[in-house]
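One structure is given below, encoded as structure tokens.
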Amino acid sequence: MSKPHWRPARASDLPAISAIAARIHPDLPESPEVLAEKMRLCPDGCHVLAADDEIVGYGLAHPWKQHWIPSLDGFLGRLPNDADCLYLHDIAVLPRSRGGVARAYVAEIEQLARASGLTALALVSVYGTRPLWEGFGFRPATADAELRAKLEAYGASATYMLRNLAAT
Ligand SMILES: CC(C)(COP(=O)(O)OP(=O)(O)OC[C@H]1O[C@@H](n2cnc3c(N)ncnc32)[C@H](O)[C@@H]1OP(=O)(O)O)[C@@H](O)C(=O)NCCC(=O)NCCS
């Protein structure tokens, strides 16, 4: 099997993306239509990890506002005109293909953010992945009551994190 590589996601990758999402995030379900909307609104932020003819992971990101998080399994409608961050909605890789693969996708979206004039990356860390994200330069950000309420849908360990690109 050749080494998996990240490539831009295509509409035809949706069934594979959706199947991986259902397998990796059984407690955070999102409909294929919701995932497809993100791919449509920000194709440059959405990649798949391809190994031979198989998709073994995906990453979905889109411009957004800092300290806001879209509702889980909710449509975005449209991207904000005054976006100030690139929001990493999700990255998921099948267990057998893990081992240092997130770094290359994070580098891709960092480049996209910089090219789009966005000065931060944002995400919600789940499943205790905070140390992983800290290793990539993300830091927990203070959440106000509204953000805390939204974070609850992502489980007890959910942490809103930002990486300031202006400083690096
Ligand atoms: C997040 C993910 C894409 C990272 O893949 P990867 O780059 O191949 O990274 P690895 O899985 O090798 O993990 C890198 C490090 O993070 C740690 N880590 C990964 N997931 C973790 C978790 N759920 N809890 C604690 N630590 C975790 C690993 O132990 C590893 O630490 P090490 O370098 O000290 O060994 C992959 O772990 C995954 O798909 N996880 C499930 C989905 C998920 O949690 N997505 C993130 C949502 S915010």
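Side notes on the structure shown:
- Number of the exception - ILE109 against (1) of a type in the set (A, V, I, L, M, F, W, C); (2) more than 29 Å from ALA50 (Cα to Cα); (3) within 16 Å of the ligand (Cβ to nearest atom): (2)
- Considering segment 124-138, the residues that are of a type in the set (Phe, Trp, Tyr) and outside any helix (DSSP H, G or I) include one that is surrounded by the most Cβ atoms within 10 Å (Cβ to Cβ), namely PHE138.
- Qualifying residue in segment 97-108 (condition: of a type outside the set (Phe, Trp, Tyr) and within 17 Å of ILE69 (Cα to Cα)): no
- Tabulated pairs, segment 118-131, first without any contact (Cβ under 8 Å) to a residue 40 or more places away in the chain, second part of a helix (DSSP H, G or I) and more than 6 Å from the ligand (Cβ to nearest atom), C-beta under 7 angstrom, 6+ apart or interchain: LEU123/TRP133; SER125/TRP133
- Verdict on LEU162 being more than 16 Å from the ligand (Cβ to nearest atom), under 19 Å from GLY59 (Cβ atoms), touching a strand residue (DSSP E or B) at 6+ places or on another chain (Cβ under 6 Å) and not in a helix (DSSP H, G or I): no
- Qualifying residue in segment 141-151 (condition: in contact with a helix residue (DSSP H, G or I) (Cβ under 8 Å, 6 or more places away or on another chain) and either assigned to a helix (DSSP H, G or I) or within 12 Å of the ligand (Cβ to nearest atom) (or both)): no
- Checklist (1) modelled with pLDDT of 95 or more; (2) within 15 Å of the ligand (Cβ to nearest atom) applied to GLY128, failing item: (1)
The values are calculated or read from the model by the stated rules, or taken from the named source; none is laboratory data. Keep in mind that what you see is a predicted model, and the values were worked out from it rather than measured. Don't worry about glycine lacking a Cβ; one is built from the backbone with ideal geometry, like all the others, and counts go over all protein chains shown.
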